[in-house]
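Participant: Sharing a structure here in structure tokens format.
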Amino acid sequence: MQVYNFYLFSRHGTCLYYREWQRTRPGSDTQQEQQNLIGLLFAVKQLCRSLAPANDDSLPIDTATRYMPRGPSNFCSYSTEKYQLHCFESSTGLRFVLTTSPTASDLTRILQRVYREAYVECAIRNPLYTLGTSIVSESFRKRLDSVIRTLAVESTVFR
Amino acid sequence: AKIGEQAFQRGELVSAELVALTYGALVRQLFLDYQAPEDVNEELERIGYNIGLRLVDDFLARSAAPPCRSFQATAEIVARVAFRMYLGVSARPANFAADNTAYSILFDTNPLAEFVEVPDAVANTLWYSNIFCGVIRGALEMVQFSVRASFTRDMLRGDECNEIRVCLLRELEETVPLDKET
């Protein structure tokens with residue numbers, strides 16, 4: 001499995017972090033691309049919610065019919081012939097997005113590890129970091145890389 | 001409660017006495033700066049709020065608590081998981097309002113107030129541990145619930161338990177990412 005790009009979006013839809021490992025076709029306009037991506041994820045979330053059946057067991061009975069489900073969407077990936085896009089949304093609205101070559105496995109766990117081991121450790125616990133600004137920390141990059149590297153190792157083992 | 005217990009075990013532990021003494025020093029300093037106990041309450045709440053904004057991500061990532069789909073669900077998580085995880089004390093949700101827009105969190109031991117005696121002059125105006133209220137407000141705001149949290153009972157005032165009342169003001173809607181060009 002090959003790993004292409006990583007995006008991290010804040011709850012307000014700004015891109016906090018972008019990293020590419022392998023990108024054979026350079027994007028023409030990175031900023032536009034990021035905006036389109038977050039727009040897509042947002043729209044998919046809305047659609048998933050409105051299509052979901054109302055009798056969701058996870059909801060208390062009286063709120064189930066009143067509201068659309070709150071919290072993060074359960075949308076986790078889509079795939080095309082050439083690549084697959086994985087998404088993990090935290091309850092606080094952060095979106096971790098990873099593109100890889102098409103793979104059958106679910107990478108939510110990996111993205112949760114990025115959340116736990118990179119974002120929380122290097123952004124949340126860093127007093128110099130202001131919430132909602134883009135991350136420039138070098139240690140964030142290192143931790144992100146090390147999490148992704150375990151993914152690469154795992155996938156060669158299981159192949 | 002089990003999730004909280006596990007996360008509590010996993011996390012790095014700091015001596016409760018150290019925290020209690022540091023917090024005491026903080027409150028004392030705020031008193032010197034602000035004089036009026038009401039202002040100290042407010043300032044503690046504000047500090048807590050800023051902590052809460054960050055702490056919630058740490059909490060969600062490390063506890064792996066299930067997402068809260070409704071406001072009532074947050075009561076259970078805050079009281080049973082978060083209090084357990086960060087303070088090592090057990091708290092319980094109680095006194096739900098009929099329309100589910102408010103609940104209380106009750107707890108019997110407060111690690112912050114371990115060695116505290118509040119002077120009589122301010123005993124009825126100061127909420128010594130008001131920082132908790134701020135943390136709860138900040139944390140819930142990040143998961144789209146705008147709340148007001150306040151102490152209603154405090155063992156430092158001779159009540160039989162500590163009670164924090166959490167009232168839902170409104171549920172926030174997710175903001176649509178704006179197109180910067182338009």
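The values are calculated or read from the model by the stated rules, or taken from the named source; none is laboratory data. No experiment lies behind these values; they were computed from the predicted model shown. No Cβ is skipped: glycine too gets one built from the backbone with ideal geometry, and neighbour counts run over all protein chains shown. Heavy atoms of the whole protein, side chains included, go into the accessibility calculation; ligands, DNA and RNA do not. Shrake-Rupley method; radii C 1.70, N 1.55, O 1.52, S 1.80 Å.
Participant: Going by average Cβ neighbours within 10 Å, how do the peptides B:40-49, B:11-20 rank, with the highest at the top?
Facilitator: Ranked from most to least packed, the peptides come out as B:40-49, B:11-20.
Participant: Okay, moving on. How tilted is helix B:16-34 with respect to the longest principal axis of chain B? Cα atoms for both, answer in degrees (0 to 90, nearest 10).
Facilitator: In chain B, helix B:16-34 runs at an angle near 80 degrees to the longest axis.
Participant: Next question, about the same structure. Which value, in Å², gives the accessible area per residue of chain B when a 1.4 Å probe is used on the protein heavy atoms?
Facilitator: It amounts to 51 Å² per residue over chain B.
Participant: What does the average come to when, for each residue of peptide B:141-147, you count the partner chain Cβ atoms lying within 10 Å of its Cβ?
Facilitator: Other-chain Cβ atoms within 10 Å of each residue's Cβ, averaged: 3.
Participant: What are the ³J(HN,Hα) couplings of region B:151-163, residue after residue, when phi is run through the Karplus curve with 6.51, -1.76, 1.60 and θ = phi - 60°? Round to Hz, x for glycine and proline.
Facilitator: Coupling constants for region B:151-163: 6, 10, 9, 9, 5, 5, 9, x, 6, 7, 7, 8, 9 Hz.
Participant: For the residue pair residue B:96 and residue A:141, what label-to-label distance in nm results when each label sits 7 Å from Cα along the Cα-to-beta-carbon direction?
Facilitator: It works out to 5.0 nm between the two label points.
Participant: Would you mind giving the total buried accessible surface between chains A and B, with a 1.4 Å probe and ligands, DNA and RNA left out, rounded to the nearest 100 Å²?
Facilitator: Details: alone 10090 and 10680 Å², together 18030 Å².
Answer for the A-B pair: about 2700 Å² buried.
Participant: While we're here: Apply 1/(1 + (r/R0)^6) to the Cβ-Cβ distance of residue B:150 and residue A:51, taking R0 = 45 Å, and write down the FRET efficiency to the nearest 0.05.
Facilitator: With a Förster radius of 45 Å, E is 0.65.
Participant: Among B:108-114, B:163-169, B:74-80, what's the highest-first ranking by average C-beta atoms within 10 angstrom per residue?
Facilitator: The packing order, highest mean first, is B:74-80, B:163-169, B:108-114.
Participant: R0 = 25 Å: FRET efficiency of residue A:76 with residue A:117, Cβ-based, nearest 0.05?
Facilitator: So the FRET efficiency works out to roughly 0.80.
Participant: How much of the accessible area of the protein assembly as shown, in percent, comes from carbon and sulfur atoms when a 1.4 Å probe is used?
Facilitator: Within the protein assembly as shown, the accessible surface is 54 percent carbon and sulfur.
Participant: Which aspartates and glutamates have a Cα lying under 13 Å from the Cα of residue A:142, excluding residues fewer than 8 positions away in the same chain?
Facilitator: Partners within reach: A:117, A:121.
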